[in-house]
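Presented below is the structure to which this report refers.
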Amino acid sequence: MLHRTTLRHARKAAAAMVITVAALGLTACQQASTDASSSPSASSPSAQATQPPTAADKAAQSAPKATPSATAAKSDARCTDQLNYAGDPRSNAEINSIGAETGHCPAPQKADTPSGTPKKPDVSCTDQINYAGDPRPNAEINTIGEKTGYCPPVQDQ
């Protein structure tokens, strides 16, 4: 019978310890958030009125509010795993290092400059460049130039 009483007391003591640890943990969390919000500048409007603003306060008020154009980088993910950088002329290492240094993934860039020579206005590509030996018909070459604004490079047979 004595062992049952001892076992019961041990269970109650263990339960009391768990409850105490949990309560202390919650109190510590509440105390940390209370400390952060109970600074003299944030505790009451009268405290704010009696204290002169610091240089940091003035700088924060006068600084323009900028919104980053890129995506915030997740702490454990690479930028190249978060966004589609297909067609971006930069290497994956360069993209990921930008994200690691700035904390934001850079916006994908498109390599939108086609290869070839810029097309002159009102001049067809076949009149601008000598396509002798190119197996494509002149109409195809000129159409490429009209659509892209660049005369395609000469292809060898």
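What the table below lists for this structure:
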| quantity | calculated |
| --- | --- |
| Residue among A72, A60 that alone is surrounded by 10 or more Cβ atoms within 10 Å (Cβ to Cβ), more than 24 Å from G149 (Cβ to Cβ) and at pLDDT 50 or above | A72 |
| Looking only at the range 108-117, and only at residues there that are surrounded by 13 or more Cβ atoms within 10 Å (Cβ to Cβ) and on the phi < 0 side of the Ramachandran plot, the one that is nearest to the chain's Cα centre (by Cα) | P108 |
| Enumeration of residues in the range 117-157 that are in a loop (DSSP other than H, G, I, E, B) and touching a Gly at 6+ places or on another chain (Cβ under 8 Å) | K119, S124, P152, P153, V154, D156, Q157 |
| Selection from the range 118-138 of residues that are out of contact with any helix residue (DSSP H, G or I) (no Cβ under 8 Å at 6 or more places or on another chain), at negative phi and of a type in the set (D, E) | D127 |
| Residue list for the range 109-143, restricted to those being over 30 Å from I98 (Cα atoms) and in contact (Cβ under 8 Å) with a residue 24 or more places away in the chain | G116, T117, P118, K119, C125, I129, N130, G133 |
| Of all residues in the range 76-107 being of a type in the set (A, V, I, L, M) and surrounded by fewer than 11 Cβ atoms within 10 Å (Cβ to Cβ), the one that is modelled with the highest pLDDT | A93 |
| Of residues in the range 125-157 being under 45 Å from the mean Cα position of the chain (by Cα) and of a type in the set (D, E), the one modelled with the lowest pLDDT | D156 |
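The values are calculated or read from the model by the stated rules, or taken from the named source; none is laboratory data. In this text the structure is predicted, and so the values were computed from the model without any measurement. Heads up, the Cβs are rebuilt from the backbone with ideal geometry, glycines too, and the neighbour counts pull from every protein chain shown.
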